[in-house]
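*Asks:* First, the structure itself, so that you have it in front of you.
Values quoted throughout were computed directly from the atomic coordinates according to the rules given, and no laboratory measurement underlies them. Every value quoted in this text rests on a predicted model; they were computed, and no experiment measured them. Here the Cβ is made from the backbone with ideal geometry for all residues, glycine too, and neighbour counts use every protein chain on show.
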Amino acid sequence: MKRERNRVRDLMHKITTTIVRELVSIKHGAILEDLRNIKDKILNGNKDLNRKLSKWNCRMFQSMLEYKLKWFFLPVKYINPSNSSKTCPVCSDRLSAYQGRLMKCKCGFIQDRDVVAVINLRMWGLGVTPNGNEPLKVLSFKGDVSQSGCMSIYDYIR
């Protein structure tokens, strides 16, 4: 058990170090889902499911990424992820299931639900809210990157 935990921790350190190097090179921080107390919300299923979910180390990953980014004085912003994959990033209307993982809006926007969540988290983290007339290019942030430039961690992974 301890050996497995050490391997996981070592792998997370290597991954977060790689991500931080990339973010430092482009002088961006990170926008992350607020996953604090996530296990309290989901650990109420059956015994087998609780065991699997208890091994979920997403918060440890986030905390490693956060302290490494703080070494370089880069910002980390936590965003409430509720409805991030169900809200249209173009018009803020509610998306409906379309085909498999695709989500569709009345305005014609169709995209994978994970991509929708990334777009929304990034816009919310940057304080951008769509009004239906703004093109998606508003996602590029202009300003003092050292103080408020953030990139979604999912942008890096994809």
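*Asks:* What FRET efficiency, computed as 1/(1 + (r/R0)^6) with R0 = 35 Å and r the Cβ-Cβ distance, is obtained for Met60 and Leu102, rounded to the nearest 0.05?
*Replies:* The value I calculate is 0.65.
*Asks:* Rank by packing, highest mean first: peptides 91-100, 28-37, 64-73, with packing defined as the count of other Cβ atoms within 10 Å averaged across residues.
*Replies:* 28-37, 64-73, 91-100
*Asks:* What nm value, rounded to one decimal, do you get for the distance between Arg51 and Ile26 when each label is placed 7 Å out toward the C-beta?
*Replies:* 4.1 nm
*Asks:* Related question: If amide hydrogens are placed 1.01 Å from N in the peptide plane, which non-local residues have theirs closer than 5 Å to the one on Ile79?
*Replies:* Close amide H contacts, sequence-distant or interchain: Leu32, Glu33, Asp34.
*Asks:* Give the long-range amide H neighbours of Asp112: residues separated by 5 or more places, or on another chain, with amide H under 5 Å away, using H modelled in the peptide plane at 1.01 Å from N.
*Replies:* So Asp112 has HN proximity to Met103.
*Asks:* Taking 30 Å as R0, compute the FRET efficiency from the Cβ-Cβ separation of Phe73 and Val8 and round it to 0.05.
*Replies:* 0.60
*Asks:* Let me ask something additional. Can you run phi through the Karplus equation (6.51, -1.76, 1.60; θ = phi - 60°) for segment 76-86 and list ³J(HN,Hα) in whole Hz, with x for Gly and Pro?
*Replies:* In residue order, the calculated couplings are 10, 10, 9, 10, 5, x, 4, 6, 5, 9, 10 Hz.
*Asks:* Cα-Cα over 18 Å: which of Lys14/Lys68; Lys27/Lys77; Lys47/Lys86?
*Replies:* Lys47/Lys86
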